[in-house]
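Quick notes on the structure that follows.
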Amino acid sequence: MQHVKIVEVGPRDGLQNEKQQLSVDEKLALIAELAAAGLTHIEAGAFVSPKWVPQMADSADVLAGLDLSGPIHYPVLVPNEKGLDAALVAGVREIAVFGAASESFSQKNINCSIAESLARFEPVIRRARDAGVAVRGYVSCVVACPYEGPIAPAAVASVAQALAEMGCYEISLGDTIGVGTPRQVLAMLEAVAHKVPITQLAGHYHDTYGMAIANICASLEFGLRTFDASVAGLGGCPYAQGASGNVASEDVVYLLHGLGYETGVDLDKLVACAHRIAARLNRAPSRVAKAHH
Ligand SMILES: CC(C)(COP(=O)([O-])OP(=O)([O-])OC[C@H]1O[C@@H](n2cnc3c(N)ncnc32)[C@H](O)[C@@H]1OP(=O)([O-])[O-])[C@@H](O)C(=O)NCCC(=O)NCCSC(=O)C[C@@](C)(O)CC(=O)[O-]
């Protein structure tokens, strides 16, 4: 049975966009539930400006409550050397830098151009790897940008290649505003796969139009075996107006198990976790959480 890796981004991508601020203890309880459900890659926070993303200001405290030397990976987002310094002090073993294929989104999200972001990431990736810290890379707006509209696949491939060549072990391709359908996603994947081995690629599909599951099916056919997802479908980027949450982790797990893939995740435990966090944040449960008893 083939394995598909799920990177759970709910505690970061999910909570960063929630109006309600969970306490550190509540974040740790959510992470513990996700780990108990079998998720082994759980994005735990972001070392970014608290002025830009206040919900992530307690990331060092969250990491302090985790077993960072255990079998579970707890990556955190890092945009620059200041964030890396703080993440290293917190004892991280994996970070994620995050660029974009759209100039406008790069400016809005991290206050610099694409070229400037890559120049910023170079010392971050080098220093992290020298410290034995693994580095993942994100490319946002791989289908379209909330400010510029459709994004050329070649632009995505160029940023993905740059991040891979700087040392990112995996490139997560973000349909940040969730507008993609399989044809656009496949056109993007074809362009990227010419520059970066498909085994290093992940799909990160927001679900604004309800197309994320279709895009995951198409990506599986194309050969991707790693997908980001968010418990209860939490999330969205504060700098991508209208972006809804990521695809719900429980929806992805239900799909993958139904297709005969192995994920290591216990769907019953994940659904119970989804119900609890959805209720805490006054959100409707996802389709699978609603239907799966
Ligand atoms: C990147 C910056 C900091 C640049 O922001 P900047 O203003 O250009 O940075 P700066 O160097 O001019 O510093 C401004 C202030 O921020 C501080 N600062 C500077 N760096 C840091 C840091 N690392 N951690 C904490 N503080 C920091 C710095 O110390 C200073 O503090 P002040 O003197 O004003 O008190 C800012 O734009 C930022 O934090 N942006 C937030 C980006 C973000 O987290 N967006 C959401 C995540 S990305 C996403 O959701 C998409 C993704 C990944 O999920 C995939 C997808 O769906 O597409």
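The values are calculated or read from the model by the stated rules, or taken from the named source; none is laboratory data. Predicted, not measured: the structure shown is a model, and the values here were computed from it. We place every Cβ from the backbone using ideal geometry, glycine too, and count neighbours over all the protein chains shown. The protein model used for the area step is the full one, side chains on, heavy atoms only, and it has no ligands, DNA or RNA in it. Shrake-Rupley method; radii C 1.70, N 1.55, O 1.52, S 1.80 Å.
Could you look through region 241-253, keep only residues that are in a loop (DSSP other than H, G, I, E, B) and under 16 Å from LEU173 (Cβ atoms), and pick out the one that is farthest from the ligand (Cβ to nearest atom)?
So, considering only residues that are in a loop (DSSP other than H, G, I, E, B) and under 16 Å from LEU173 (Cβ atoms), the one farthest from the ligand (Cβ to nearest atom) is VAL247.
From the list ALA152, ALA87, ALA115, ALA144, pick out the single residue that is closer than 22 Å to GLN55 by Cβ and hydrophobic (A, V, I, L, M, F, W, C).
Residue meeting the stated conditions: ALA87.
Looking at region 92-128, which of its residues are open to solvent by 30 Å² or more (accessible area, probe 1.4 Å) and among the hydrophobic types (A, V, I, L, M, F, W, C)?
The answer is ALA115, LEU118, ALA119.
Results for (1) modelled with pLDDT of 95 or more; (2) not hydroxyl-bearing (Ser, Thr, Tyr), shown as yes or no for each residue.
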| residue | (1), (2) |
| --- | --- |
| HIS3 | yes, yes |
| LYS19 | no, yes |
| ALA29 | yes, yes |
| ALA44 | yes, yes |
| SER49 | yes, no |
| TRP52 | no, yes |
| GLN55 | yes, yes |
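So, in region 263-293, of the ones that are among the basic types (Lys, Arg) and at pLDDT below 95, which residue ends up least open to solvent (accessible area, probe 1.4 Å)?
For region 263-293, the residue satisfying everything is ARG283.
Mind checking which pairs have a first residue in region 170-197 that is at positive phi and a second that is of a type in the set (Val, Ile, Thr), Cβ under 7 Å, 6 or more apart or different chains?
GLY178/THR208
Conditions tested, residue by residue: (1) β-branched (Val, Ile, Thr); (2) surrounded by fewer than 17 Cβ atoms within 10 Å (Cβ to Cβ); (3) at pLDDT 95 or above.
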{"position": "ASP130", "(1), (2), (3)": "no, yes, yes"}
{"position": "THR176", "(1), (2), (3)": "yes, no, yes"}
{"position": "LYS195", "(1), (2), (3)": "no, no, yes"}
{"position": "ALA202", "(1), (2), (3)": "no, no, yes"}
{"position": "CYS237", "(1), (2), (3)": "no, no, no"}
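Looking at region 141-163, which of its residues are in contact with a helix residue (DSSP H, G or I) (Cβ under 6 Å, 6 or more places away or on another chain), among the small types (Gly, Ala, Ser) and open to solvent by less than 50 Å² (accessible area, probe 1.4 Å)?
ALA157, ALA160, ALA162
Output the residue which, of all residues in region 92-123 that are more than 12 Å from the ligand (Cβ to nearest atom) and of a type in the set (A, V, I, L, M, F, W, C), is farthest from ALA46 (Cα to Cα).
For region 92-123, the residue satisfying everything is ALA115.
Mind listing whichever residues of region 62-91 are open to solvent by less than 40 Å² (accessible area, probe 1.4 Å) and near the ligand (Cβ under 10 Å from one of its atoms)?
Once the filter is applied, which keeps residues that are open to solvent by less than 40 Å² (accessible area, probe 1.4 Å) and near the ligand (Cβ under 10 Å from one of its atoms), region 62-91 yields LEU77, VAL78, PRO79, GLY83, LEU84, ALA87.
Could you please find all residues in region 40-61 being near the ligand (Cβ under 6 Å from one of its atoms) and under 21 Å from VAL7 (Cβ atoms)?
Passing the criteria: ALA46, PHE47, VAL48, VAL53.
If you check every pair at least six apart or on different chains, which have Cβ atoms under 7 Å apart with a residue in region 270-291 that is assigned to a helix (DSSP H, G or I) first and a residue that is open to solvent by 80 Å² or more (accessible area, probe 1.4 Å) second?
From region 270-291, the pairs are VAL288/TYR254.
For region 1-20, name all the residues that are over 16 Å from the mean Cα position of the chain (by Cα) and under 23 Å from PHE98 (Cα atoms).
LYS19, the sole residue that qualifies.
Which ones in region 221-230 are open to solvent by less than 10 Å² (accessible area, probe 1.4 Å) and away from the ligand (no atom under 15 Å from the Cβ)?
LEU224
If you check ALA128, ALA144, which single one turns out to be more than 10 Å from the ligand (Cβ to nearest atom), in contact (Cβ under 8 Å) with a residue 24 or more places away in the chain and more than 21 Å from GLY45 (Cβ to Cβ)?
Just one listed residue meets the conditions, ALA144.
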